[in-house]
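Structure record follows, encoded as structure tokens.
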Amino acid sequence: MITLRPFRLFPNPRHGVPGVVILPAGGFRRAKAAITGWAGYAPTPLRALPTVARDAAIGSIHLKDESDRFGLGSFKALGGAYAVGAVIDAARSRGEQQDTITVTCATDGNHGRAVAWGAQRFRCRCVIIVHETVSQGRVDAIAAYGAEVRRVPGTYDDAVREASHLAATHGWHVVSDTSWPGYTEVPRDIMQGYRLMADEAADQWEGLPPTHVFIQGGVGGAAAAVAVQMRARFQPTPRVIVVEPDNAACLLASAEIGALTAIPGNLDTMMAGLACGEPSLLAWEELQRSAAAFMAIPDATAIEAMRLLAAAGVISGESGAAGLAGCLLAASDPAARAVLGLELDSRVLVFSTEGATDQALYEKFVGSQTSPT
């Protein structure tokens, strides 16, 4: 069982309120058809964690393992690379020449690697912006796909603004996984790609539907995509609980206030892929009504969850283990169990959204790399 540490849990009072359709079904069908047609596509595994579930006094826990998606180490290729292809198609339809197209984005690591891989795949130039605390290992992994990587001061959100500025100045194309007023279509394509991860999990699920889904936050794009696909595939719809680092819980803060909210500070967290202070507009429009609750957890719990997964033969990075960490923290607290309806027969789905995307950091936290069984 996991160590009980302080965490925040906010049940969403707007859960279930009707709203507009953020991700139309037709867009998902197009994304699925494109991605499943790529060379090297294969569904990632859904792994049962019976020992972890037993220790948590939960009926079952199944983990969608994204550690080997297209060899990139994370689920991000489903969105970033797909959006690069869509951007290039749109640019060429406007008369732009392939050799003049440049795509850019900000990243904590995984999204930038996916966009760089997509740019290499679709043969266009790529410039990736990282902020000052992104590890050199993640920078090197992006550059390995031929991208130019530029480091800027500040946080992830500062890098987002810099990428937008450079694109406006040079006529580049932003392929961002976060959205804001006036910039929604590319992030919508990215989220449609992310839905494939949840769709595969639904295909692989056996027996009664999951009762709960714990999914990482960040800017919210993956969580919103998962929430949409859970609603599309399962009835009754599982309760979706969004998990964030306690120093970067912008979605929880937005839920508490009842409106999209940015949080200040340096967003210091080991969960680098979730170190975001400003929610995505599209993601928030979905999650404000579909998330049953929001959680903020300490870094130490995510690292402990990494170690539990390593012992079970699953390689999961700091951000990848966050959903399971949130589930186990909630399961260890009687009040949280009651609020979320976690019972001895609950069926939980979690997503390990990344593997060891920085080998040195993984070994620092876990001790050594473990091969999945």
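Among the residues that make up region 31-41, is at least one of them of a type outside the set (S, T, N, Q) and more than 23 Å from residue 110 (Cβ to Cβ)? Outline the logic, then answer.
Initially, region 31-41 is screened for residues of a type outside the set (S, T, N, Q), giving 31-35, 37-41.
Filter again for more than 23 Å from residue 110 (Cβ to Cβ), leaving 33.
Yes, because at least one residue in region 31-41 is of a type outside the set (S, T, N, Q) and more than 23 Å from residue 110 (Cβ to Cβ).
Among the residues of region 347-361, how many are modelled with pLDDT of 90 or more and either out of contact with any His (no Cβ under 6 Å at 6 or more places or on another chain) or under 18 Å from residue 304 (Cβ atoms) (or both)?
Counting residues in region 347-361 that are modelled with pLDDT of 90 or more and either out of contact with any His (no Cβ under 6 Å at 6 or more places or on another chain) or under 18 Å from residue 304 (Cβ atoms) (or both) gives 8.
Output the number of residues of region 70-114 satisfying the condition of being in contact with a Lys or Arg (Cβ under 8 Å, 6 or more places away or on another chain), over 25 Å from residue 44 (Cβ atoms) and assigned to a loop (DSSP other than H, G, I, E, B).
Number of matching residues: 1.
Please work out which one of (1) under 15 Å from residue 284 (Cβ atoms); (2) hydroxyl-bearing (Ser, Thr, Tyr); (3) in contact with a strand residue (DSSP E or B) (Cβ under 9 Å, 6 or more places away or on another chain) is the condition residue 164 fails and give its number.
Here residue 164 clears every test but (1).
Is it fair to say residue 210 is buried (at least 22 other Cβ atoms within 10 Å of the Cβ) and in contact with a helix residue (DSSP H, G or I) (Cβ under 9 Å, 6 or more places away or on another chain)?
It is true that residue 210 is buried (at least 22 other Cβ atoms within 10 Å of the Cβ) and in contact with a helix residue (DSSP H, G or I) (Cβ under 9 Å, 6 or more places away or on another chain).
Determine whether region 337-347 contains at least one residue that is without any contact (Cβ under 8 Å) to a residue 24 or more places away in the chain, surrounded by fewer than 20 Cβ atoms within 10 Å (Cβ to Cβ) and farther than 21 Å from residue 227 by Cα.
yes
For region 259-279: of the residues being of a type in the set (Gly, Ala, Ser) and more than 20 Å from residue 351 (Cβ to Cβ), which is surrounded by the most Cβ atoms within 10 Å (Cβ to Cβ)? Spell out how you get there, then give the answer.
Of all residues in region 259-279, those of a type in the set (Gly, Ala, Ser) come to 259, 262, 265, 272-273, 275, 277.
Going one step further and asking which of them are more than 20 Å from residue 351 (Cβ to Cβ), we end up with 259, 262, 265, 277.
On the way: 259: 10, 262: 12, 265: 9, 277: 22.
If we take residues in region 259-279 being of a type in the set (Gly, Ala, Ser) and more than 20 Å from residue 351 (Cβ to Cβ), then 277 is surrounded by the most Cβ atoms within 10 Å (Cβ to Cβ).
Working only within region 43-56, note down all residues that are assigned to a strand (DSSP E or B) and surrounded by fewer than 16 Cβ atoms within 10 Å (Cβ to Cβ). If you could, list the steps in order and put the result at the bottom.
Filtering region 43-56 for residues assigned to a strand (DSSP E or B) gives 46-48.
Residue satisfying the conditions is 48 alone.
From the list 292, 300, which one is within 14 Å of residue 212 (Cα to Cα), of a type outside the set (Lys, Arg) and not in a loop (DSSP other than H, G, I, E, B)?
None of the other options fit; the residue is 292.
Could you figure out which of (1) buried (at least 21 other Cβ atoms within 10 Å of the Cβ); (2) out of contact with any His (no Cβ under 7 Å at 6 or more places or on another chain); (3) not small (Gly, Ala, Ser) isn't true of residue 237?
Of the numbered conditions (1) buried (at least 21 other Cβ atoms within 10 Å of the Cβ); (2) out of contact with any His (no Cβ under 7 Å at 6 or more places or on another chain); (3) not small (Gly, Ala, Ser), the odd one out for residue 237 is (1).
Being under 17 Å from the mean Cα position of the chain (by Cα) and either part of a helix (DSSP H, G or I) or in the same structural domain as residue 219 (by TED's automatic domain parsing) (or both), is that true of even one residue in region 161-172? Spell out how you get there, then give the answer.
So the first thing to find is which residues in region 161-172 are under 17 Å from the mean Cα position of the chain (by Cα), and the list is none.
Within region 161-172, none of the residues are under 17 Å from the mean Cα position of the chain (by Cα) and either part of a helix (DSSP H, G or I) or in the same structural domain as residue 219 (by TED's automatic domain parsing) (or both).
Condition first: assigned to a helix (DSSP H, G or I), over 12 Å from the mean Cα position of the chain (by Cα) and not hydrophobic (A, V, I, L, M, F, W, C). Now tell me which residues in region 272-287 satisfy that. Don't jump to the end; show me each part of the working.
As a first pass, look at region 272-287 and keep what is assigned to a helix (DSSP H, G or I): 272-274, 281-287.
Applying the additional criterion that residues be over 12 Å from the mean Cα position of the chain (by Cα) yields 281-282, 284-287.
Answer for region 272-287, where residues must be assigned to a helix (DSSP H, G or I), over 12 Å from the mean Cα position of the chain (by Cα) and not hydrophobic (A, V, I, L, M, F, W, C): 285, 286.
Which is touching a residue at least 24 places away in the same chain (Cβ under 8 Å) and surrounded by fewer than 13 Cβ atoms within 10 Å (Cβ to Cβ), of 59, 26, 37, 19?
19
Here are 200, 256: which of them is in contact (Cβ under 8 Å) with a residue 12 or more places away in the chain, surrounded by 20 or more Cβ atoms within 10 Å (Cβ to Cβ), of a type in the set (Asp, Glu) and in the same structural domain as residue 351 (by TED's automatic domain parsing)?
Result: 200 is the single residue among 200, 256 that is in contact (Cβ under 8 Å) with a residue 12 or more places away in the chain, surrounded by 20 or more Cβ atoms within 10 Å (Cβ to Cβ), of a type in the set (Asp, Glu) and in the same structural domain as residue 351 (by TED's automatic domain parsing).
Count, please, the residues in region 21-42 that happen to be under 21 Å from residue 351 (Cβ atoms) and assigned to a loop (DSSP other than H, G, I, E, B).
So the count comes out to 6.
Of 237, 261, 269, which residue is touching a Cys at 6+ places or on another chain (Cβ under 9 Å), assigned to a loop (DSSP other than H, G, I, E, B), in the same structural domain as residue 31 (by TED's automatic domain parsing) and of a type in the set (Ser, Thr, Tyr)? Lay out the reasoning, then the answer.
Values: 237 fails: touching a Cys at 6+ places or on another chain (Cβ under 9 Å); 269 fails: touching a Cys at 6+ places or on another chain (Cβ under 9 Å).
Within the list 237, 261, 269, the selection yields 261.
List pairs: first residue in region 134-159 and part of a loop (DSSP other than H, G, I, E, B), second residue among the aromatic types (Phe, Trp, Tyr) and surrounded by 23 or more Cβ atoms within 10 Å (Cβ to Cβ) anywhere in the structure, Cβ distance under 8 angstrom, at least six positions apart or on different chains.
Every condition considered, the pairs that remain are 145/117.
When residues of region 179-234 are filtered for being within 13 Å of the chain's Cα centre (by Cα) and outside any helix (DSSP H, G or I), how many remain?
7
The values are calculated or read from the model by the stated rules, or taken from the named source; none is laboratory data. These numbers come from a predicted model, not from an experiment. Counting neighbours? That spans all protein chains shown, and the Cβs are built from the backbone with ideal geometry, glycine included.
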